[in-house]
Amino acid sequence: MEPTPDLTGLSLEQKAALGSGADFWTTKAAGPVAPMVLTDGPHGVRKQAEASDPLGLAVSLPATCFPPAVGLGQSWDVELVRRVGVALGQESRTLGVDVLLGPGINIKRDPRCGRNFEYYSEDPILTGALGTAWVAGLQSTGVGASLKHFAANNAEHDRMRSSSDVDPRPLREIYLRAFAHIVRTAAPWTVMCSYNRINGVHAAENHWLLTAVLRDEWGFDGVVVSDWGAVTDRVAAVAAGLDLEMPGSGGASDAAVVAAVRAGDLDPAVVDRAAERVAALAKKAEAARRHPVGHDPAAHHALAREVAARCVVLLQNDNAILPLSAGQSIAVIGEFAENPRYQGGGSSRVNATQVDIPLAEIRALAGQGAVRFARGFTTDDTTDETLRAEAVEIAAAADTAVVFLGLAARQESEGFDRDDIELPAGQLELLTEVVRVQPATVVVLVHGGVLRLAPVAGLAPAILDAALLGQAGGGAIADILFGKVTPSGRLTETVPVRIQDTPAYVAFPGENSHVRYGEGLYVGYRWYDARELEVTYPFGHGLSYTTFAYSDLTVTSADDMITVQVTVTNTGSRAGREVVQCYTAKPDSSVTRPPRELKGFAVTDLEPGMSERVSIMLRRDDLAYWETRVDRWIVEDGDYQVCVGASSRDIRLTTQLTVAGDPLRLPITLDSTLGEVMNNPDAGPLLEFLARNAPPGLSPDSGGAALGIDMARMVASFPLRLMVGFSQNPDGRTELEQLIASLDGGEETPADR
Ligand code: BGC
């Protein structure tokens, strides 16, 4: 690690200037501090050559477009994601980029969020594992990551003003969990605070978020950079813990910082610290630049194809109509086969070095088989009977039809949300007609956000979810269709039966600049499982061209780590990869908990007939819930179910693990209930006092039982002050207060502070 430059010679003006950009993508130089280049991110390098903008409008230099997070996440493969990070780092270095603005790790709270294609999953453990791998890979090349968008930025609607109103448990257990994990395990060079407010306070001005949680609790020592334009009050932001405002404000906000320090409204030490952090980051970037790296664009395209194939999910494959065999005649239908959609719109848009066309790639692998193509529909949603008739005609004449369906670029993007999760009606009508003449129909889905698939699942025997796969997606789709690669992708989001079933259906996207996260912890599969709702495809689902059996599940724990082991056997006739998923449950929990939660996963590649003993390491801490009464994580004592399976709804084996929990001692106050006191090991004297002072009618063995009242349960919720109040003893309350004061106070609670 390079020593931090000595900034003692810098004036206050220079230090303030280090805290905002020189232009859209560059920081300023001051004294010994050199400027840096930051740019998007995340699935390719968007280095704009001339005109600059954050919306992806002005053209950028060619770079490899890897699968966006919606696709990449479906690989469930941390090693693959790490390799993508390395490749992105190499390209960043070639293009002179010091910090690549990614990964986007917000949780997919609602399928309508327009930017879900830039995020990995509805689950924080999966997101955390993939994000860690991406950051580690990128930073191994000397390029900094920017973990974004911190935090609770789960919709595009009104994103620059809206307050995400989230309770502490979902905030900690769902929305901050992946951020915490990646900060602790991969030490990203920067974290990007989001546009939105969190419980009323702008992320950029949120001292609790940027300092108390990010730095003091998680130990983050890098730079907090604002999302582009997210700073409304630079002085408040610096005081809260922001280091770098991007882009610059032409010097206006630097002057405001200087004026605030001079007026005594801002601690100069805070400005010094921010400048030091920016200087340390610039130093790291400078050190990396001294060792040039190169890359081979063709090799990166090949990597993009390998990765993309790993991201395809085989949703269904009735009668094993996939893989296709060379020599079959194939009708390829759909605009997206010729004009592929492979990334989303907005700031992440990459100018790809080359693009594989699915139709051409299918032709290349089809051997002697005739491949005919029909567009079938237009992406402007107008029905074109001629296009449809052509498609039906070639489908009827072929052995198999491969129909590409999906959303057009204009239908989903950064900056706005979708109103629904429907495929265009015209595409479903086309599919209905194709299937009528050609039962052997394969659907390939192209989209950034979840689609309602019940109609497709009812029509087509085979469905491939190709999400958005980056520039080599066309080749990857062909590889999967013809079995050159056996599919192994898994869904990272549940596909609901109807939009009305989704957790935030009535609360999304909020109103009057507030969005209430009323579903709490119950996001994604946590919600569908708790409500026992039928889903079209569950979280974690994905088929293969082979089959796997699970046996001999064991679980052991030592030193805060839990080792889950299971034997997986390839019981089919092809080599393939299984993604083994581990969920835990605590049905007797004292707090509300989803029926099962992902805690770990692993991949295994197996030849036919082969077995492997697969190990999944869980952290004991991942069993914890956020205890709001003491503001910290608590692992509950007792038995946990440990389940392994092939999806959240395909659990193959379950065993039990007994865990010694964390002590939780709540302070006894006048407001403590009798039930709480009875569970407190220190409360003996208090119980004796209450036995002497409780009003006779309230004792558990009083006449209530004769009336059919369970007195023990009824009085358990009575606060102590009420018990002594009912006793009619004029000194009761004073005696009770003295007794409480004489007891050891338990833990400090947030309310005490
Ligand atoms: C986006 C960020 C992006 C930045 C710079 C913003 O509008 O929210 O994700 O990194 O622009 O382009």
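The values are calculated or read from the model by the stated rules, or taken from the named source; none is laboratory data. Owing to the predicted nature of the structure, the values given are computational and were not obtained by experimental measurement. Please note: Cβ atoms are built from the backbone with ideal geometry, for glycine as well, and neighbour counts cover all protein chains shown. Note: areas computed on protein heavy atoms with side chains; ligands, DNA, RNA excluded. Shrake-Rupley method; radii C 1.70, N 1.55, O 1.52, S 1.80 Å.
List of remarks:
- Asp380 open to solvent by 60 Å² or more (accessible area, probe 1.4 Å) and at pLDDT below 95: yes
- Residues that are without any contact (Cβ under 8 Å) to a residue 40 or more places away in the chain and assigned to a helix (DSSP H, G or I) were ranked within the stretch 472-507; the one that is surrounded by the fewest Cβ atoms within 10 Å (Cβ to Cβ) is Gln500.
- Residue check, Ile174 under 19 Å from Ala504 (Cβ atoms) and of a type outside the set (Lys, Arg): yes
- Some residue of the stretch 154-164 being hydroxyl-bearing (Ser, Thr, Tyr), within 16 Å of the ligand (Cβ to nearest atom) and touching a Lys or Arg at 6+ places or on another chain (Cβ under 8 Å): yes
- Those residues of the stretch 345-372 which are open to solvent by less than 50 Å² (accessible area, probe 1.4 Å), among the hydrophobic types (A, V, I, L, M, F, W, C) and away from the ligand (no atom under 16 Å from the Cβ), in sequence order: Ala352, Leu359, Ile362, Leu365, Ala366, Val371
- Residue satisfying condition, being under 17 Å from Trp76 (Cβ atoms) and open to solvent by less than 40 Å² (accessible area, probe 1.4 Å), within set Glu578, Glu627, Glu612: Glu578
- Answer from Glu91, Glu13 - the residue that is more than 16 Å from the ligand (Cβ to nearest atom), open to solvent by 10 Å² or more (accessible area, probe 1.4 Å) and not hydroxyl-bearing (Ser, Thr, Tyr): Glu13
- Candidate set: the stretch 508-526, residues that are over 20 Å from the mean Cα position of the chain (by Cα) and small (Gly, Ala, Ser); chosen: the one surrounded by the fewest Cβ atoms within 10 Å (Cβ to Cβ): Ser513
- Test: Ala30 is in contact with a Leu (Cβ under 6 Å, 6 or more places away or on another chain), of a type in the set (A, V, I, L, M) and either away from the ligand (no atom under 16 Å from the Cβ) or under 30 Å from Ala279 (Cβ atoms) (or both): yes
- Pairs with Cβ under 8 Å, 6+ apart, first in the stretch 164-188 and farther than 18 Å from Gly131 by Cβ, second among the polar types (S, T, N, Q) and crowded, with 21+ Cβ neighbours inside 10 Å: Ser164/Asn153; Ser164/Asn154; Ser164/Asn196
- Residue selection: Gly104 fails the criterion of being open to solvent by less than 10 Å² (accessible area, probe 1.4 Å), within 16 Å of the ligand (Cβ to nearest atom) and farther than 30 Å from Lys283 by Cβ.
- Number of the exception - Asp420 against (1) in contact with an Asp or Glu (Cβ under 7 Å, 6 or more places away or on another chain); (2) open to solvent by 20 Å² or more (accessible area, probe 1.4 Å): (1)
- Failed condition for Val278, given (1) open to solvent by less than 20 Å² (accessible area, probe 1.4 Å); (2) in the same structural domain as Gly415 (by the TED database): (2)
- For the stretch 229-251, the criterion of a residue being touching a Phe, Trp or Tyr at 6+ places or on another chain (Cβ under 7 Å) and more than 17 Å from Ala29 (Cα to Cα) is satisfied by at least one position.
- Residue satisfying all of: in the stretch 527-566; of a type in the set (Asp, Glu) and modelled with pLDDT of 95 or more; surrounded by the fewest Cβ atoms within 10 Å (Cβ to Cβ) among these: Glu532
- The residue that is nearest to the ligand (Cβ to nearest atom), counting only those in the stretch 189-205 that are assigned to a loop (DSSP other than H, G, I, E, B) and open to solvent by 10 Å² or more (accessible area, probe 1.4 Å), is Tyr195.
- Residues of the stretch 395-406 satisfying the condition of being closer than 14 Å to Val442 by Cα and either open to solvent by less than 80 Å² (accessible area, probe 1.4 Å) or not assigned by the TED database to the domain that holds Ala360 (or both): Ala395, Ala396, Ala398, Thr400, Ala401, Val402, Val403, Phe404, Leu405, Gly406
- Under the condition of being part of a loop (DSSP other than H, G, I, E, B) and open to solvent by less than 30 Å² (accessible area, probe 1.4 Å), the residues counted in the stretch 160-188 number 4.
- Failed condition for Asp110, given (1) acidic (Asp, Glu); (2) under 21 Å from Val312 (Cα atoms); (3) away from the ligand (no atom under 14 Å from the Cβ): (2)
- Among the conditions (1) within 15 Å of the ligand (Cβ to nearest atom); (2) within 25 Å of Pro35 (Cβ to Cβ); (3) open to solvent by 30 Å² or more (accessible area, probe 1.4 Å), Ser249 misses just one, which is (1).
- Taken over the stretch 211-239, the criterion of being closer than 23 Å to Asp40 by Cα, open to solvent by 20 Å² or more (accessible area, probe 1.4 Å) and away from the ligand (no atom under 16 Å from the Cβ) is satisfied by Asp221 alone.
- Listed by position, the strands (runs of 3 or more DSSP E) enclosed by the stretch 511-630 that each have at least 2 residues that are in contact with a Phe, Trp or Tyr (Cβ under 7 Å, 6 or more places away or on another chain) and of a type in the set (A, V, I, L, M, F, W, C) are 561-570, 576-585, 597-606.
- Scanning the stretch 268-325 for residues that are in contact (Cβ under 8 Å) with a residue 24 or more places away in the chain, part of a loop (DSSP other than H, G, I, E, B) and either of a type in the set (Lys, Arg) or under 30 Å from Thr604 (Cα atoms) (or both) yields a count of 7.
- Test: residue in the stretch 39-58 that is under 26 Å from the mean Cα position of the chain (by Cα), closer than 21 Å to Val257 by Cβ and either modelled with pLDDT of 95 or more or more than 16 Å from the ligand (Cβ to nearest atom) (or both): no
Results for (1) touching a Cys at 6+ places or on another chain (Cβ under 7 Å); (2) open to solvent by 60 Å² or more (accessible area, probe 1.4 Å); (3) outside the structural domain of Pro595 (by the TED database), shown as yes or no for each residue.
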site: Asp631; (1), (2), (3): no, yes, no
site: Tyr640; (1), (2), (3): no, no, no
site: Gly645; (1), (2), (3): no, no, no
site: Ile668; (1), (2), (3): no, no, yes
site: Ala691; (1), (2), (3): no, yes, yes
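- Selected residue [on the phi < 0 side of the Ramachandran plot and in contact with a helix residue (DSSP H, G or I) (Cβ under 6 Å, 6 or more places away or on another chain)] from His181, His202: His181
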